[in-house]
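Chemist: After the structure tokens below, expect a handful of questions from me.
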There are 2 protein chains.
Amino acid sequence: MTREHTFNFSAGPSMLPIEVLQTASAELVNYRDSGMSVMEMSHRSKIFQGIFDETKAKFKAALNVPDTHEILFLQGGASQQFSAVPLNLLGDKDTADYAVTGNFASIAAKEGARYCKVNVAASSAEKNYSYIPRQEELKLNPDAAYFYYCANNTIYGTEWNYVPETGSVPLVCDMSSNILTKPVDVSRYGVIFAGAQKNMAPAGLTVVVVDKALAGKERPYTPLMLSYELEIKKDSMYNTPPCYNIYLLGLVLNWLEEKGGVKAMETIKSAKAALLYDFLDQSSLFIGCAERDSRSDMNVTFRTGSEELDAEFVKGATALGLLNLKGHRVAGGMRASIYNAMPVEGVEKLVAFMKDFEVKHHA
Amino acid sequence: MTREHTFNFSAGPSMLPIEVLQTASAELVNYRDSGMSVMEMSHRSKIFQGIFDETKAKFKAALNVPDTHEILFLQGGASQQFSAVPLNLLGDKDTADYAVTGNFASIAAKEGARYCKVNVAASSAEKNYSYIPRQEELKLNPDAAYFYYCANNTIYGTEWNYVPETGSVPLVCDMSSNILTKPVDVSRYGVIFAGAQKNMAPAGLTVVVVDKALAGKERPYTPLMLSYELEIKKDSMYNTPPCYNIYLLGLVLNWLEEKGGVKAMETIKSAKAALLYDFLDQSSLFIGCAERDSRSDMNVTFRTGSEELDAEFVKGATALGLLNLKGHRVAGGMRASIYNAMPVEGVEKLVAFMKDFEVKHHA
């Protein structure tokens, strides 16, 4: 298959912009006449420091990160933040609020419970995580060290369409699957973190945006590599960072800027999601899995009601170059992950195939 | 500068084999007609699982890892292992032995001391880390949970030329800068770990080889991402691993295999180091920094005795495409890092330049 005519709907790692891949390929052996690959550069060298600083500045501009917050380029994925968050933020408190709206929020809450008393402020588990609780349903604890939520739930296809109001309790948000897809008021958050592999760069980089005022109260047994205060002080270079991933994030941010930034991304992602949801809403074969007002613009989950038909659909799509549409094993059905790098054309082809498939099977 | 005629003596991240970079560049946009970059593949997909399994099998073969030991592909660098080691291995013991032979061994011992009583079994700090203590100098504690050492000290240019005898106390070794450069009797070790960015792959991947019998006694506050037992159970996929780095390690292992494996590497690295040390031993200008019987075959440290001449040397070398020869700031002088990917030609050119420089300045 050619890369140009393939649309990869994987939930993560996922598509990167083809222009980014082409630039990376062209620069891989010899970066801009330096005589080196970016992979071969000392992280302490002037040339790599330039790449690092430019990438950080572009991220700061893209998400309009205020000076009160530091941007960290770390490792370990969102899963490592599941422990880093309580280890860094609990301080002398012994409880935290968690909204459990999906698989990864649930895992985060379980890891949180290893360090403190977890208050489940809301859960949609009883309806198979098919919705996001409303503000008035949140059972907030004013003594919580923080309020934790996952902005977009990849497996179930739900997304928070509001920012929770939690008073003086700092907000912590896992934005792994929707960061850089719309503007965010970063000043409202204590910590935002995101694994890179959906909207930013290859797996192996975790971006953490942390309110500097919250750093410096780590539990004494916190591994130094998980300390926000240390990484703030060392500008993410306590040790060798994932340099090549940072370089690729820089290329993705260039691409994003050229496309009009997160505001343009918001328009585009809404339009892409609408193509799928509008079709689902009038389909006589396909059923959307998430409740309407909780639908994700990143991961569109749907099914036919028949496991055999679902499998046939995925097989037929694959043959057309529409890849990785099978839903997560715990959710079943189909899932189309349509992050920033998915071209509108890919979604149009998917909807066209869904229409054909429906006609064929509902004649 | 062209990549082909540039020799990068950086201590890490460092050179990768040019053939590996060329293959990576060619495969970057579309991996073997899959219609995807390796960067875009789901880590749970059959195609990526194939890459993962093949890389792991090749590593197992390359280092002859016995079935008693598991190979883990993790994140966070060696620095993360500085906490993972005590958190996983202490169990009900409260002390561990550390040999402090350089900067990173010292940092590891300090992080160890956050979790247990550290017994400094040996230190070469009093002679600016210019030597490796002999077996009979090690002050071993039979109650230690483990004995920790760093096999090669990049900053000072020293390398252990023997494996410490520690009785029933498990050996833990940071092999970041000499793994895959010679055969290792893995069965003698409890844990071997290595950041990838010197001899294996781009920064962002840490290979950990752990005796499975030692896993499962984590301290209760160990972050799950640092648990050997969990990562053994999940075959390094508790969460998304650094997929692209693993792919590149696979390419490096193919290259290593074609070159004759670690036995061939041992011959080649010894010959490359001898070129430099033989010249240093008869030079009237340059002085080797490490004691003779402790010299590293990976990082050759030397100086002229004059900071001005050192700077002139580095500048002249750079102009010839011999890059990154400046020593680490804490050691001064020069450092030539000559890992597996450094061609013999690069070392020959360096020695030729040293000879010219000596003639010019010792006329």
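The values are calculated or read from the model by the stated rules, or taken from the named source; none is laboratory data. Keep in mind that what you see is a predicted model, and the values were worked out from it rather than measured. We place every Cβ from the backbone using ideal geometry, glycine too, and count neighbours over all the protein chains shown. Only protein heavy atoms, including side chains, enter the accessible area calculation; ligands, DNA and RNA are left aside. Shrake-Rupley method; radii C 1.70, N 1.55, O 1.52, S 1.80 Å.
Chemist: Can you list, shortest first and in nm, the gaps between the label point of B:Lys217 and those of its counterparts in the other copies, using a point 7 Å from Cα in the C-beta direction?
Modeler: Taking the point 7 Å beyond Cα along Cα→Cβ, the inter-copy spacings are 3.6 nm.
Chemist: Taking each residue in A:25-36, count the Cβ atoms of any other chain within 10 Å of its Cβ, then average. What number comes out?
Modeler: Numbers: counts 8, 3, 1, 8, 11, 8, 1, 0, 4, 5, 11, 12.
What the average comes to for A:25-36 is 6.
Chemist: Where the label is 7 Å out from Cα toward Cβ, how close does A:Ala352 come to the same position in every other copy, in nm, shortest first?
Modeler: Taking the point 7 Å beyond Cα along Cα→Cβ, the inter-copy spacings are 5.9 nm.
Chemist: Please say if the stretch B:1-132 is rounded, prolate or oblate, where rounded means a/c under 1.5 for a ≥ b ≥ c the square roots of the C-alpha gyration tensor eigenvalues, and otherwise the choice is prolate for a/b larger than b/c and oblate otherwise?
Modeler: Working: a/c = 2.83, a/b = 1.60, b/c = 1.77.
Verdict is oblate for the stretch B:1-132.
Chemist: Nearest 100 Å² is fine: what is the total accessible surface buried where chains B and A meet, probe 1.4 Å? List each step's numbers first, then the result.
Modeler: On the way: alone 15680 and 15680 Å², together 26630 Å².
Interface between B and A: roughly 4700 Å².
Chemist: Could you check the simple spin-label distance between A:Lys217 and B:His5, using points 7 Å along Cα→Cβ, in nm with one decimal?
Modeler: Simple spin-label model gives 6.1 nm for this pair.
Chemist: A further question on this structure: Keeping all protein chains in place, calculate the accessible area per residue for the protein assembly as shown (probe 1.4 angstrom), answer in Å². Could you put the intermediate results ahead of the total?
Modeler: Values: 26630 Å² over 726 residues.
Ligands and nucleic acids excluded, the result is 37 Å² per residue.
Chemist: Only counting protein heavy atoms at a 1.4 Å probe, give the residues of the stretch B:72-88, ordered by number, whose accessible area falls by 50 Å² or more when the other protein chains are present relative to the chain alone.
Modeler: Flagged in the stretch B:72-88: B:Gln75, B:Ser79, B:Gln80.
Chemist: For A:Gln282, which inter-copy label distances result when the label point lies 7 Å beyond Cα on the Cα-to-Cβ vector, reported in nm to one decimal and in ascending order?
Modeler: List, nearest first: 8.8 nm.
Chemist: So what is the relative contact order of the stretch B:68-178, in percent, for Cα pairs below 8 Å that sit 6 or more residues apart?
Modeler: Values: 183 pairs, mean separation 29.7, N = 111.
Relative contact order for the stretch B:68-178 comes out at 27 percent.
Chemist: Still on this structure, please answer the following. Rounded to a whole number, what % of the accessible area of the protein assembly as shown do carbon and sulfur atoms account for, probe 1.4 Å? Write down the numbers at each step before the final one.
Modeler: On the way: 13640 of 26630 Å².
The value for the protein assembly as shown is 51 percent carbon and sulfur by accessible area.
Chemist: Which FRET efficiency, nearest 0.05, do B:Glu165 and B:Asn128 yield, Cβ-Cβ r, R0 25 Å? Spell out each step's value before the answer.
Modeler: Working: r = 27 Å, r/R0 = 1.06.
It comes to 0.40.
Chemist: If you don't mind, there's one more thing I want to ask. Classify the stretch B:185-248 as rounded, prolate or oblate from the Cα gyration tensor: take a ≥ b ≥ c as the square roots of its eigenvalues, call it rounded if a/c is under 1.5, otherwise prolate when a/b beats b/c and oblate if not. Present the calculation step by step, with values, prior to reporting the outcome.
Modeler: Values: a/c = 2.15, a/b = 1.29, b/c = 1.67.
Here the stretch B:185-248 falls in the oblate category.
Chemist: Which of rounded, prolate, oblate describes chain A, given a ≥ b ≥ c as roots of the alpha-carbon gyration tensor eigenvalues and a/c under 1.5 marking rounded, otherwise prolate only if a/b is larger than b/c? Before the final figure, lay out each step's value.
Modeler: Numbers: a/c = 2.14, a/b = 1.18, b/c = 1.81.
Oblate is the answer for chain A, as a/c is 1.5 or above yet b/c matches or exceeds a/b.
Chemist: If R0 is 22 Å, what FRET efficiency do you get for B:Ala271 and B:Ser187 from their C-beta distance, rounded to 0.05? Don't skip to the answer; put the middle values down first.
Modeler: On the way: r = 28 Å, r/R0 = 1.28.
Approximately 0.20, to the nearest 0.05.
Chemist: When all alpha-carbon pairs of the protein assembly as shown are counted, what percent fall beyond 36 Å? Please report the intermediate quantities before stating the final value.
Modeler: Numbers: 114133 of 263175 pairs.
Value for the protein assembly as shown: 43 percent of Cα pairs lie more than 36 Å apart.
Chemist: I'd like the accessible area for B:Arg3: 1.4 Å probe, protein heavy atoms, all chains in place, Å² to the nearest 10.
Modeler: Probe radius 1.4 Å; accessible area of B:Arg3 about 10 Å².
Chemist: Per-residue mean of other chain beta-carbon atoms within 10 angstrom of the beta-carbon, peptide A:41-50? Please report the intermediate quantities before stating the final value.
Modeler: Working: counts 8, 12, 5, 7, 5, 0, 0, 1, 0, 0.
For peptide A:41-50, the averaged partner shielding equals 4.
Chemist: Hey, got the average number of other protein chain Cβ atoms within 10 angstrom for residues in B:103-112? Before the final figure, lay out the partial values.
Modeler: Details: counts 0, 1, 0, 0, 3, 0, 0, 1, 3, 0.
Per residue, the average neighbour count from other chains is 1.
Chemist: Just subtract the alpha-carbon distance of B:Arg292 and B:Val359 from 0.36 nm times their residue separation and send over the number in nm, one decimal.
Modeler: Details: separation 67, 0.36 × 67 = 24.12 nm, distance 2.45 nm.
Stretched out fully, the B:Arg292 to B:Val359 stretch lengthens by 21.7 nm.
Chemist: When the chain is fully extended, how far beyond the present Cα-Cα distance does B:Met237 get from B:Ile47, taking 0.36 nm per residue of separation?
Modeler: Values: separation 190, 0.36 × 190 = 68.40 nm, distance 1.50 nm.
In short, 66.9 nm is gained.
Chemist: Can you give the relative contact order of chain A as a percent, counting alpha carbon pairs under 8 Å and 6+ residues apart? Don't skip to the end; give the middle numbers.
Modeler: On the way: 691 pairs, mean separation 84.4, N = 363.
It rounds to 23 percent for chain A.
Chemist: Quick check on chain A: helices-only [θ] at 222 nm, where DSSP H runs of length 4 and up contribute -39,500 (n - 2.57) each and the sum goes over total residues. Nearest 500, please. Show your work: numbers first, answer last.
Modeler: Numbers: 9 runs with 126 residues, N = 363.
-11000 deg cm²/dmol, from helical runs alone.
Chemist: Let me ask something else about it. Using the alpha-carbon centroid of each, what span in Å lies between the stretch B:252-273 and the stretch B:66-113?
Modeler: 27 Å
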